[in-house]
Amino acid sequence: MSAQKFSFRIEVEAMSWDGTESRAKEITDWIFQHEGDATYYEAGEYDDAAGIHVLAPDGLVVANVGDWVVMTTHEHYEFTVWSSDAFAAEFTPVVNA
């Protein structure tokens, strides 16, 4: 499944994490393709729960199961992590015309 487009004042791309290693690989590969940095850790490897560590503009953030990794473009690509509730409240899917 590729990144989906959403609207949040500006159009962004985002991917949700279902907690699987395969989806984590899709997300980290997507981040790397856009010159970002991220690492997947299995449960117990870094913390009690598995997570994707994403380098965001304000430092390292962790995407937990159900979270969304959001990519915006300013002068370059930037990645942030949103909880599923916050994401649903703020973002609207972009419908292709």
For region 80-95, what are the residues that are aliphatic (A, V, I, L, M) and more than 14 Å from residue 17 (Cβ to Cβ)? 86, 88, 89, 94, 95
Got a number for residues in region 5-33 being at pLDDT 85 or above and in a strand (DSSP E or B)? 5
Of the residues 38, 24, 63, which is among the small types (Gly, Ala, Ser) and touching a helix residue (DSSP H, G or I) at 6+ places or on another chain (Cβ under 7 Å)? 38
Within region 7-36, how many residues are surrounded by fewer than 18 Cβ atoms within 10 Å (Cβ to Cβ), of a type in the set (A, V, I, L, M, F, W, C) and under 12 Å from residue 70 (Cβ atoms)? 2
Residues that are among the polar types (S, T, N, Q) and either at pLDDT 95 or above or surrounded by 13 or more Cβ atoms within 10 Å (Cβ to Cβ) (or both), drawn from region 40-96: 64, 72, 80, 83, 84
Go through (1) among the aromatic types (Phe, Trp, Tyr); (2) farther than 15 Å from residue 17 by Cβ; (3) in contact with a Ser or Thr (Cβ under 9 Å, 6 or more places away or on another chain) for residue 77 and report which single condition fails. (3)
With respect to residue 67, is the statement that it is under 20 Å from residue 5 (Cα atoms) and among the charged types (D, E, K, R) true? yes
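The values are calculated or read from the model by the stated rules, or taken from the named source; none is laboratory data. What you see is a predicted model, and the numbers here were worked out from it, not measured in a lab. Neighbour counts are summed over all protein chains in view; Cβ atoms, including those assigned to glycine, are modelled from backbone coordinates with ideal geometry.
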